[in-house]
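Worksheet: the structure to be examined is printed underneath.
What follows is calculated from the coordinates using simple rules that are stated; it is not laboratory data. Note that the structure is a prediction, hence the values are computed from the model and not measured.
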Amino acid sequence: MGEGRASGSEEGARREAPWRCVVLLSGTGRTLENLLDRIDSGSLNIRIDQVISSRPGVRGLEIARDAGIPAHVVRGRQYPTLEAYTAAVYDRMADVQPDLVLMAGFLRRILIRPELDGRVLNIHPSLLPVTALYAAGRGMYGDRVHDAVLAHGDVESGATVHVVTDAYDEGPPFMTRTVPVLPGDTAADLAARVFEAECTLYPEAIEAYMAQHPELKRAR
Ligand code: GRF
């Protein structure tokens, strides 16, 4: 930033260095794309130092590489156990030492070791914890979630940002955003409405989480 601009913007001058994040994904990377847009527009004070995908050849990897972010595949099926997969992901992240790990359409489970306790966030496309019994957990992603919400007859859905623990989608909810379920909605209709809500919810939740947990920012 030029000197004139810095002195002209007290807020900019006060702004702390961005938190360092790793993004975990498995698919299209729309969530990553949205986070990058928010970073660019100045509304999200993080930097994404690394992207790890559990699948090769996905669009999320292209988004990362186009943005100049080191992107790696740690493929789930190459590791026989949850512990082995967890170890491979942690090894991959070791040189980054992220302040936060952001799951963004990540379809694998990893164990949360003490060094990442409270540092891993996920966004799930239904309202947790209420939907935990029918629209969350292993295998519940994409349209399956929205089909389950519709089958349950819910009049509201939405998205939840939660802290990740060792169990799928069971970590404490941190922030939710509600959308209506409208008569005649298909899963695709609901998915689009929920994803729109996610695009504001996730960046806002990350900002709020950082503000509430300044102790998580590592000294560098
Ligand atoms: C969204 O449904 C989100 O809630 C879930 O993954 C989906 C987005 O995936 N965690 P992507 O960003 O399009 O890959």
*For Tyr134 and Glu215, compute 0.36 nm times the residue count separating them, minus their Cα-Cα distance, and round to one decimal in nm.*
25.7 nm
_Overall Cα dimensions of the chain - principal axes, largest extent first, Å_ = 57, 43, 32
*If amide H atoms are built 1.01 Å from N in the plane of the peptide, which residues on other chains or at least 5 residues away come under 5 Å of the amide H of Ile112?*
Asp166
*asked:* Using only the alpha-carbon atoms, what does region 137-220 span along each of its principal axes? Please give whole angstrom values in decreasing order.
replied: 52, 25, 17
*Please list the helices of the chain that count as membrane-span-like by this rule: a mean Kyte-Doolittle hydropathy of at least -1.0 together with Cα atoms stretching 30 Å or more along the helix axis, each helix being a complete DSSP H run.*
187-212
*asked:* Please list the three semi-axes, largest first and in whole Å, of the ellipsoid equivalent to region 79-120, using sqrt of 5 times the eigenvalues of its alpha carbon gyration tensor.
replied: 16, 12, 10
*Relative contact order for region 69-220: what is it in percent, counting Cα pairs under 8 Å that are at least 6 residues apart?*
21 percent
*asked:* Please list, ordered by chain and number, the residues whose modelled amide H lies under 5 Å from the amide H of Phe174; skip anything fewer than 5 residues away on the same chain.
replied: Val161, His162, Val163
